[in-house]
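Structure first, commentary second.
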Amino acid sequence: TKTGDTGVQWSDAETADFYSIYPSSASTKLEVSGEGVTTTLHVDPTQFASTSTKNNGTSDYFYAQPAEMGNVVMYAKTAGVTNGSTVELHYTPFSTVLEFEIKAPSTNTGTQKSEITIQSLTLTAPTGTTIAGDFNFNFDGPSITPATTGGSNAITMHFLDNNQYTTVLSTTKTTLKAKMCLMPISGVETIKDWTIAVNTSAGTFSKTLTETDKDGKRTDLIAGQVHKIKLPTLSYSSQEWKYDLKNWI
């Protein structure tokens, strides 16, 4: 029970269990469900990420942190805390993070332009797979299930550079790295048949992902981990991916 400035009031029990979820808002409620504890989370299907410039030791590149930290889920649970003692909550990342690397050619020839504007990136899961919207989170496991209505199988991330929702890649700054957070849905193990589309000033580039990468490793989605996806180089002239195995996942 929250008791004003005094904080949380203990009961008469010798021990208590504590649960916490990030992010939270005024509408966030943790509820006892059977012998477990649940809450409701939300992931926005449209997100906006600010970009900054970093250097990898040889060249500058754009880097976008996860779009809006409200979509990054962490949880903590500590059982059997002795009455009146300090409560230690250790947070564990839960979101699945995809880090995309979008690359434009470092040189331009023929009809290629000297720069290309990256406007947005859309990740689309197969129909029936919900990756945005409202979710029911259960601390036991933990596990998550989509709400029955209002879900989306796609997340679109827009890039903000110099207060404009565009990021310009050129021969001097050829790479954009961006992280997208989504819920690790129960029963969805790989990103097979998921589509990545990059909307640019030269057109929309898209690829459908496969069950294994170029080295034969399964493209499993694992909760709390970062999965790096290096896309093929964008081709200005053909408005298609410039396919090369070394540029794939």
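Here are some notes:
- Computed accessible area, Asp134, all protein chains, 1.4 angstrom probe, square angstrom: 70
- For Thr38, the solvent-accessible surface with a 1.4 Å probe is about 30 Å², rounded to the nearest 10.
- The aspartates and glutamates whose alpha-carbon is closer than 20 Å to the alpha-carbon of Lys77, local same-chain residues fewer than 8 away aside, are Glu14, Asp17, Glu31, Glu35, Glu88, Asp140.
- Packing, taken as the mean count of other beta carbons within 10 Å per residue, orders the peptides 11-20, 96-105 from highest to lowest as 96-105, 11-20.
- Segments 84-93, 172-181 sorted - mean Cβ within 10 Å per residue, highest first: 172-181, 84-93
- With a threshold of 24 Å on the Cα-Cα distance, the over-threshold entries among Lys179/Lys214; Lys177/Lys217; Lys173/Lys217; Lys29/Lys179 are Lys173/Lys217; Lys29/Lys179.
- Stretching Thr145 away from Asp60 to a fully extended chain increases their span by 26.6 nm, per 0.36 nm per residue minus the current alpha-carbon distance.
- Accessible surface ranking for His42, His158, 1.4 angstrom probe, highest first: His42, His158.
- Each of Thr82, Thr148, Thr167 has its accessible area taken with a 1.4 Å probe; listed largest first, they run Thr148, Thr82, Thr167.
The values are calculated or read from the model by the stated rules, or taken from the named source; none is laboratory data. Owing to the predicted nature of the structure, the values given are computational and were not obtained by experimental measurement. In this analysis, Cβ positions are derived from the backbone assuming ideal geometry, glycine residues included, and neighbour counts consider all displayed protein chains. Only protein heavy atoms, including side chains, enter the accessible area calculation; ligands, DNA and RNA are left aside. Shrake-Rupley method; radii C 1.70, N 1.55, O 1.52, S 1.80 Å.
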